[in-house]
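Worksheet for the structure shown next.
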Amino acid sequence: MNDYINIALPKGRLGEKVYTLLESIGYGCPEMLDGGRKLIFENPENKVRYFWAKPSDVAIYVERGAADIGVVGKDILLEYSPDIYELCDLGFGKCKMAVAGKKGTRIPTDKTIRVATKFSNIAWNYYSKQSRDIDIIKLNGSIEIAPLLDLSDVIVDIVETGATLRENGLVVFETICDISARLVANKAAYKFKSDSINKLLDSTIKFIAENAK
Ligand code: PRP
């Protein structure tokens, strides 16, 4: 079983897209797209074992070696700084990390900024580079509500289509960075399974380059 590559994929649309990529470069596991509630699948022919994990947990499986490789958003890598290798940018799941607030308002310049976010470390790093004092209000979702109820002055959150901001009367004030999905590896696995992981990595990079043309 040690010659298998264990791959943690984020449950949902992004993970399914990545699976389709891996399938097309020779790492298929037909059972994967059967639907149902099963979470672990293996294909002895291709020597792969896949797990569907909660997107924000993939880095934990990879860091602790329960998965050899996985797919994680750059937002998670920036927020939690897991001790893993970032192998390549998959170019999927593109979005931005941004500071946003109520249309017609602006970021306060004369007082501590109240920042609602799921991404405390990203917000903290961003504002500490500007030597700004912030009060972080850590929320777990529906961050856009915070400025509407005057719980915060701004939010630091992911903006993909911009629809959530627009429909709630919010606008982007500043872009912090671009986000996309990254292929990551456990450090020990990358050493001990370097041939098989590098083979998968090379085929992935080739596939991305060809499909970007
Ligand atoms: C994310 C993010 C924004 C929204 C942005 O939320 O936190 O709320 O998507 O997408 P958009 O620009 O395409 O509207 P998610 O759906 O993960 O739910 P959450 O509110 O529970 O964080």
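Under the condition of being in a loop (DSSP other than H, G, I, E, B), near the ligand (Cβ under 10 Å from one of its atoms) and open to solvent by 70 Å² or more (accessible area, probe 1.4 Å), the residues counted in the stretch 131-186 number 4. Note on the stretch 102-125: among residues that are part of a strand (DSSP E or B) and in contact with a Ser or Thr (Cβ under 9 Å, 6 or more places away or on another chain), the one that is nearest to the ligand (Cβ to nearest atom) is Thr117. Looking at the stretch 62-98 only, could you name the residues that are touching an Asp or Glu at 6+ places or on another chain (Cβ under 8 Å), farther than 20 Å from Glu174 by Cα and open to solvent by less than 40 Å² (accessible area, probe 1.4 Å)? Val62, Leu77, Pro82, Ile84 - these are the residues of the stretch 62-98 that are touching an Asp or Glu at 6+ places or on another chain (Cβ under 8 Å), farther than 20 Å from Glu174 by Cα and open to solvent by less than 40 Å² (accessible area, probe 1.4 Å). Looking across the stretch 41-87 at every residue that is among the aliphatic types (A, V, I, L, M) and touching a Cys at 6+ places or on another chain (Cβ under 9 Å), the one that is nearest to Ser196 (Cα to Cα) is identified as Val48. Is it the case that some residue within the stretch 189-205 is surrounded by 12 or more Cβ atoms within 10 Å (Cβ to Cβ) and not in a helix (DSSP H, G or I)? Scanning the stretch 189-205, I find at least one residue that is surrounded by 12 or more Cβ atoms within 10 Å (Cβ to Cβ) and not in a helix (DSSP H, G or I), so the answer is yes.
Of the numbered criteria (1) loosely packed, with under 10 Cβ neighbours inside 10 Å; (2) more than 24 Å from Phe192 (Cβ to Cβ); (3) of a type outside the set (D, E, K, R), the one Asn2 fails is (2). For Lys111, the criteria (1) touching a strand residue (DSSP E or B) at 6+ places or on another chain (Cβ under 7 Å); (2) open to solvent by 30 Å² or more (accessible area, probe 1.4 Å) hold in every case but one, which is (1).
The values are calculated or read from the model by the stated rules, or taken from the named source; none is laboratory data. Since we're looking at a predicted model, the values are computed, not measured. Here the Cβ is made from the backbone with ideal geometry for all residues, glycine too, and neighbour counts use every protein chain on show. Only protein heavy atoms, including side chains, enter the accessible area calculation; ligands, DNA and RNA are left aside. Shrake-Rupley method; radii C 1.70, N 1.55, O 1.52, S 1.80 Å.
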